[in-house]
Structures are given as C-alpha cells and as structure tokens.
Amino acid sequence: MALREQIRASLAARERLEIPPGPVPSAVLIPLFLKDGACHILFTKRAENLTHHRGEVSFPGGVFQPEDGDMLQTALRETSEEVGIVPEDVEILGVIDDFLSIHNYLVTPYVGFVATGHRLRINPAEIERIIEVPLSFLLTPGIFHLRDWSWQGRTLALYCVDYEGDRIWGLTAAMLKQFIEIISDMVSKVH
C-alpha cells in the first residue's frame with residue numbers, strides 16, 4: 001500500500017474531535033509532497049509586517065469566508081492565495097481534530113497530498129518564505145519538546161520542534177504532533 005493510502009487509512013480509522021461552532025471558524029492545510037523521492041511537509045514562514053502571528057512558522061490557511069461554502073474550501077483557497085498551490089493539485093487524505101487557538105479561532109486542519117510538479121507562487125504580503133521539512137525528520141522519537149511561553153500574565157507549556165534554525169511551535173506544533181502521532185505506527189511499519 002502506498003504511503004498516501006496508508007496515511008488516508010490512518011486518518012479515517014480514528015474518531016475526529018469536533019469543537020462546536022462559536023469561535024472564529026478557520027482552516028489550514030497540512031500539505032504533503034514528494035521531494036527527491038521522500039515525503040515532506042510544507043510550512044510557511046509568515047511575513048514580519050503582519051499584524052498577527054508575524055514571523056511564525058505555520059501551515060497555509062486562514063479565516064472562513066462565506067463564499068468558501070465549507071472549511072475545506074477555506075483551507076484550499078488560503079493555500080492558493082498564500083503559496084500558489086491550486087485546489088486541483090491537492091488530494092485531500094483526511095482531517096484531524098479541530099483546534100481552538102488562544103486568539104479564539106476554531107481551526108480545522110486538513111491533510112492533503114500535493115501533486116508532483118506543483119509550482120509555488122509565494123504571496124510576499126503574507127509569506128516570507130517556504131520551509132520544507134522531511135516527514136522522516138518529524139517521525140524521529142523525542143523531536144517534540146515543551147517550552148514555556150508567557151501570554152497575558154499566564155505561562156503556557158507549548159510544544160515545539162526545531163528544524164534548521166526555524167522553530168515550529170504553538171498551535172501549528174500541536175496540530176503537527178497530532179498528525180505525526182496518528183501516522184507514526186503505520187509509517188514505522190513501512191520503514
């Protein structure tokens with residue numbers, strides 16, 4: 001069974017946690033792609049001039065717009081706007097649990113496989129650069145660690161992972177960690 005189908009099966013085999021509506025609805029895409037024959041995950045480094053989350057490493061995504069119709073369309077539209085990957089080039093493999101951000105966003109993360117030969121077109125108003133992390137690196141045991149982060153007088157313990165000078169942390173790291181946990185048993189049996 002191909003890696004793509006194994007990931008699809010792993011995502012489908014679990015019951016997904018959905019958070020009731022209320023917070024600001026938004027969605028992200030966890031984009032998987034092949035590079036030099038190995039599976040990678042695409043992240044964006046957000047531009048420094050943004051009002052929110054400037055300079056942070058994240059998945060492409062954003063806030064639901066009524067014309068989207070559903071959260072999947074939000075994730076695909078935002079991915080296209082931010083990095084130029086068009087919806088037709090994304091095969092959705094599944095969805096992980098909803099996440100609630102400290103800024104009152106209800107985030108639905110979709111997992112998608114991007115067609116080989118896709119062309120990136122970075123939107124410099126939103127994205128500084130692309131970060132491509134090998135899936136094999138993210139499957140390394142103990143790669144995620146907790147760091148304290150102070151916010152509005154509280155100290156929060158947040159997951160993070162460092163890759164070649166970039167830190168993936170907070171909500172993005174929490175989503176990534178869940179995805180890796182879901183697929184790690186399946187992938188470890190393959191490799």
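For the stretch 81-93, give me each residue that is farther than 15 Å from PHE33 by Cα and buried (at least 18 other Cβ atoms within 10 Å of the Cβ).
If the condition is that a residue be farther than 15 Å from PHE33 by Cα and buried (at least 18 other Cβ atoms within 10 Å of the Cβ), then GLU82 is the only one that fits.
How do the pairs read when you match residues in the stretch 65-91 that are closer than 19 Å to PRO21 by Cβ with residues anywhere that are of a type in the set (Val, Ile, Thr), using Cβ under 6 Å and keeping only pairs 6 or more apart or on different chains?
Hits for this filter: ASP68/THR74; MET71/THR108; ALA75/VAL28.
Can you pull out every residue in the stretch 4-52 that is closer than 20 Å to VAL133 by Cα and either at pLDDT below 90 or of a type in the set (Phe, Trp, Tyr) (or both)?
Across the stretch 4-52, the qualifying residues are PHE33, PHE43, ARG46, ALA47.
If you scan the stretch 1-37, which residues turn out to be exposed (fewer than 11 other Cβ atoms within 10 Å of the Cβ) and within 18 Å of the chain's Cα centre (by Cα)?
Correct list: LEU17 only.
With respect to PHE113, determine if the residue is among the aromatic types (Phe, Trp, Tyr), at pLDDT 95 or above, out of contact with any helix residue (DSSP H, G or I) (no Cβ under 8 Å at 6 or more places or on another chain) and farther than 17 Å from SER26 by Cβ.
Against the criterion (among the aromatic types (Phe, Trp, Tyr), at pLDDT 95 or above, out of contact with any helix residue (DSSP H, G or I) (no Cβ under 8 Å at 6 or more places or on another chain) and farther than 17 Å from SER26 by Cβ), PHE113 does not qualify.
Tally up the residues in the stretch 53-92 that are part of a loop (DSSP other than H, G, I, E, B), under 13 Å from the mean Cα position of the chain (by Cα) and not charged (D, E, K, R), please.
Matching residues across the stretch 53-92 total 2.
Where residues in the stretch 63-77 are charged (D, E, K, R) and under 12 Å from THR108 (Cβ atoms), which of them is surrounded by the most Cβ atoms within 10 Å (Cβ to Cβ)?
Step by step, filter the stretch 63-77, then rank; the result is ASP68.
Filter the stretch 104-128 for residues that are over 20 Å from VAL90 (Cβ atoms), in contact with a strand residue (DSSP E or B) (Cβ under 8 Å, 6 or more places away or on another chain) and either of a type outside the set (Ser, Thr, Tyr) or in a loop (DSSP other than H, G, I, E, B) (or both) and give the result.
Matches in the stretch 104-128: ASN104, LEU106, GLU128.
Before we move on, is THR108 crowded, with 21+ Cβ neighbours inside 10 Å, farther than 13 Å from PRO31 by Cα and not small (Gly, Ala, Ser)?
Spelling it out, THR108 is indeed crowded, with 21+ Cβ neighbours inside 10 Å, farther than 13 Å from PRO31 by Cα and not small (Gly, Ala, Ser).
Here is a yes/no grid of residues against (1) within 13 Å of VAL57 (Cβ to Cβ); (2) in a loop (DSSP other than H, G, I, E, B):
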position: ILE130; (1), (2): yes, no
position: SER136; (1), (2): no, no
position: ILE143; (1), (2): no, yes
position: TRP149; (1), (2): no, no
position: VAL161; (1), (2): yes, no
position: ARG167; (1), (2): yes, no
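Could you say which residue among LYS189, LYS177 is of a type in the set (Lys, Arg), modelled with pLDDT of 75 or more and either assigned to a loop (DSSP other than H, G, I, E, B) or farther than 15 Å from SER101 by Cα (or both)?
Exactly one of LYS189, LYS177 is of a type in the set (Lys, Arg), modelled with pLDDT of 75 or more and either assigned to a loop (DSSP other than H, G, I, E, B) or farther than 15 Å from SER101 by Cα (or both), namely LYS177.
Restrict the check to the stretch 135-143 and report whether at least one residue is in contact (Cβ under 8 Å) with a residue 12 or more places away in the chain, more than 28 Å from ILE19 (Cα to Cα) and not hydrophobic (A, V, I, L, M, F, W, C).
yes
Suppose the filter is within 19 Å of ALA2 (Cβ to Cβ), touching a residue at least 40 places away in the same chain (Cβ under 8 Å) and not aromatic (Phe, Trp, Tyr); does GLY170 pass it?
no
Kindly evaluate ARG16 against the criterion of being out of contact with any Lys or Arg (no Cβ under 9 Å at 6 or more places or on another chain), in contact (Cβ under 8 Å) with a residue 24 or more places away in the chain, in a loop (DSSP other than H, G, I, E, B) and under 17 Å from THR108 (Cα atoms).
yes
The values are calculated or read from the model by the stated rules, or taken from the named source; none is laboratory data. Since the structure is predicted, the reported quantities are computational estimates derived from the model, not experimental observations. For neighbour counting, all protein chains shown are included, and Cβ atoms are generated from backbone atoms with ideal geometry for every residue, glycine included.
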